[in-house]
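The values are calculated or read from the model by the stated rules, or taken from the named source; none is laboratory data. Fair warning: this is a prediction, and the values are worked out from it, not measured in the lab. Cβ: placed from backbone, ideal geometry, glycine included. Neighbour counts: every protein chain shown. Accessible surface areas use protein heavy atoms only, side chains included; no ligands, DNA or RNA. Shrake-Rupley method; radii C 1.70, N 1.55, O 1.52, S 1.80 Å.
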Amino acid sequence: MSARGHRLGQEEQFCRHPQSNRLAHGSFIPHWAAIEHMAAFPVEDRSSCGTGGLAGLSFYVTMHFSTLHPVRLSKTRFLAGVQCLKRLYLEVHAPELAAAVDAERQIMLDMGKEVGEKARERFPGGQLIKESHRQTEAALHRTADLMRDVSVPAIYEGAFLWQHIVVRADILERVDGDRWRLIEVKAATKVKNGYLDDLAIQELVIRGAGYVLEQCCLMHVNTEYVYQGGEVDLSQLFTIVDVTAAVRQRRSQVIRQVRLMKTMLQRPEPPAIEPDDHCHTPYTCPFWDHCTSGKPARWIHRLPGSRQSIRQLAARGIETIDEIPVTVPLSLAQRRVKDNVEWISPDLLTHLQALEHPIHHLDFETMMPAVPIYANTRPYRPIPVQWSNHIEMEDGSIRHDEYLAEQASDPRRELTEALLRSLGDRGSICVYSEYERHVLLSLGELFPDLRGAIQRVVQRLWDLLSVIQQHYYHPAFNGSFSMKSVLPALIPDLSYSRLVIGHGALASATYKKMVFEETDLVERLRMATALREYCGRDTWGMVELRRILLAKAMHAYSTQARGSDS
Ligand code: SF4
């Protein structure tokens, strides 16, 4: 159907400012096929729709939404709505119910910001729209001015408004005169499907606002780039992928989504959407605690393992882990969670007694800069900067060795030599996960003269995590075998909650800040102390875990022996 059939002949009343939504009042019955039909054409081709081009499209959509007192959407809100309509509703109408951004998420946001700023350098001479998200009107005007100024080769954080949707574009590069390339920057290492939604809403708004987008691209970090020292080669650090076709294919879907979101936002109640694994994709929703507050402690979605199988169980009406029928096949970890009792494998004692003294307990802390800092490193390649080693002697006494690089120079040679001295050539080396093995092997690759010694160290590694996963379970693990779950479950005094640094991501961010940003010596000292305390907690935790498991295994063994004697 031609869009002409829906015109009311009022385009002449449309405000001609390129980013204005203001229209004269009028009645209108929306027809979404027509809107989608028009939106499917590039701005420069819309005259063929017989609608007066863009103004016609704006008119139809705006009249529909304005009669419903529309809420202004943003790119962030749109993406929230793509994840879950209820999330969008709550973000607009009850934002106070959201959990605060946690430290881990904040670190990711900070990393994204750092990468975004670095990416701008790839487009020199560009102008940054400095006005914040709270200064939208000023940002819109400044952007419109710069778009008109043909001497401006690129705009960073440009603001656009169309049909009550505001977007900020990471980078717009002027290709030629009034033709532009839209570039969305991601700190990620590859193109992901969800990023296309991000670009699609921007493309819709920017084109809707009257600009010509020749290309839509994603710019992500290239992990194949090997930094040679000196200036970072930005053309190598970033990969730019043309996703124009995929973005344009999404256009009509985005229009439908926007329509649905705007209509939904007018309702007096949020949509009745039940929490499940969609709440964690792509990120955990800030309303998770709110939405799950009434759920039972043994809620089916708290079962670890395959999300698909859990979805299937939930679809069968199984609400709690205890309701899972015995006939349902479960993984070992799921079986432990379902049984919900302490379980000690008959082989646990054998494994624990296989260790040889002196028993080392080793943990590395690493940083993974998106923009490489040291020569011959790649983006996000883990750089060990700290280790802790608690050593249990045969008589039960403990020695603690540790290393923390506090200077900005590459610490890996010094760190490796100090570690080899601490580990010596005797005794088992207890670690928690395969991570330490990978770090050691990468150090062996880096230093051929130390490779032999490092390989001998690798042969002495003993993974406490895999032993616990296969031979022990406690109901307080709640299905998680991470050190942060296991340690407080068995030794409540060794919880991480009272430490200044409570997880690896924060340790990494704190380290980077201490060495490369902080100038206040007292603050640097405070950070160094917190880092030592955190890394030391991991290795001391392994000592205590091993000891308590040994005591439990011995008790179980003697109980079993007494039972078979009687
Ligand atoms: S927790 Fe889940 S159901 Fe609740 S608003 Fe967030 S995504 Fe939607």
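Brief remarks on what is shown
- Straight-line reach from Lys192: taking Cα to Cα under 20 Å and skipping same-chain neighbours fewer than 8 places apart, the lysines in range are Lys75, Lys113.
- Amide hydrogen neighbours beyond the local backbone of Val212, cut-off 5 Å, H modeled: Trp180
- Using a probe radius of 1.4 angstrom, the carbon and sulfur fraction of the accessible surface of the chain is 51%.
- Translational diffusion of the stretch 119-252 was estimated from the Stokes-Einstein equation, with Rh taken as the Kirkwood radius over Cα pairs; at 10 °C and 1.306 mPa s the coefficient is 104 µm²/s.
- The residues of the chain expose on average 48 square angstrom of accessible surface per residue, using a 1.4 Å probe on protein heavy atoms.
- The packing ranking, built from the mean of other Cβ atoms within 10 Å per residue, places the peptides 139-147, 109-117, 416-424 in the order 139-147, 416-424, 109-117, highest first.
- Percent of C-alpha pairs per 10 Å bin in the stretch 232-358, short distances first: 9, 22, 22, 20, 17, 8, 2.
- Taking every Cα-Cα distance in the stretch 267-425 and sorting them into 5 Å bins starting at zero, the pair-distance distribution P(r) comes out as 1, 7, 11, 11, 9, 9, 10, 13, 14, 10, 5, 2, 1, 0, 0 percent.
- Each Lys and Arg adds +1 at its Cβ and each Asp and Glu adds -1 at its Cβ; summed about the Cα centre, the stretch 119-252 shows a dipole of about 360 debye.
- Kyte-Doolittle mean at least 1.0, axial Cα span of 15 Å or more - DSSP H helices of the chain: 54-66
- Theoretical ellipticity at 222 nm over the chain - DSSP helices of four or more residues, -39500 (n - 2.57) apiece, nearest 500: -13500 deg cm²/dmol
- Quick note on the stretch 296-340: its Rg to Rh ratio, both from C-alpha atoms and Rh being the Kirkwood radius, is 0.89.
- Residues in the stretch 170-209 reached by a label modelled at Asp145 [backbone nitrogen below 12 Å; 7 Å Cα→Cβ]: none
- The stretch 333-395: proportion of alpha-carbon pairs further apart than 20 angstrom, %: 61 percent
- Rg(Cα)/(2.2 N^0.38 Å) for the stretch 359-427, N = residue count: 1.29
- Karplus-based coupling profile of the stretch 397-405, in residue order and whole Hz: 6, 10, 10, 10, 10, 8, 9, 9, 6, with θ = phi - 60° in 6.51 cos²θ - 1.76 cosθ + 1.60 and x standing for Gly or Pro.
- Look at the dipole of the stretch 348-557 built from charges on Cβ: of Ile548, Leu531, Thr519, the Cα furthest out on the positive end belongs to Ile548.
- Whichever lysines have a C-alpha closer than 23 Å to that of Lys552, once near sequence neighbours (fewer than 8 apart) are set aside: Lys338, Lys484
- Whether the stretch 346-481 is rounded, prolate or oblate, judged on the alpha carbon gyration tensor where a/c under 1.5 counts as rounded: prolate
- Value of relative contact order over the stretch 348-557, rounded to a whole percent, pairs C-alpha under 8 Å and six or more apart: 24 percent
- Relative contact order %, the stretch 143-217, counting alpha carbon pairs below 8 Å whose residues are six or more apart: 30 percent
- Converting phi to 3J(HN,Hα) with the Karplus coefficients 6.51, -1.76 and 1.60 and the offset θ = phi - 60°, the stretch 124-129 yields x, x, x, 10, 8, 7 Hz in sequence order, with x at every glycine or proline.
- Ordering of 397-404, 377-384 by packing is 377-384, 397-404, highest average first (other Cβ atoms within 10 Å, averaged per residue).
- Mean separation of Cα pairs under 8 Å and 6 or more residues apart, divided by the residue count, gives the stretch 363-444 a relative contact order of 25 percent.
- Measuring r between the beta carbons of Glu406 and Ala103 and using R0 = 30 Å, the FRET efficiency lands at 0.85.
- The phi torsions of the stretch 276-288, fed into the Karplus equation with coefficients 6.51, -1.76 and 1.60 and a -60° offset, translate into couplings of 7, 6, 5, 6, 10, 10, x, 9, 5, 5, x, 9, 4 Hz, rounded to whole numbers, with Gly and Pro shown as x.
- Pairs of alpha carbons in the chain whose separation is greater than 43 Å (percent): 36 percent
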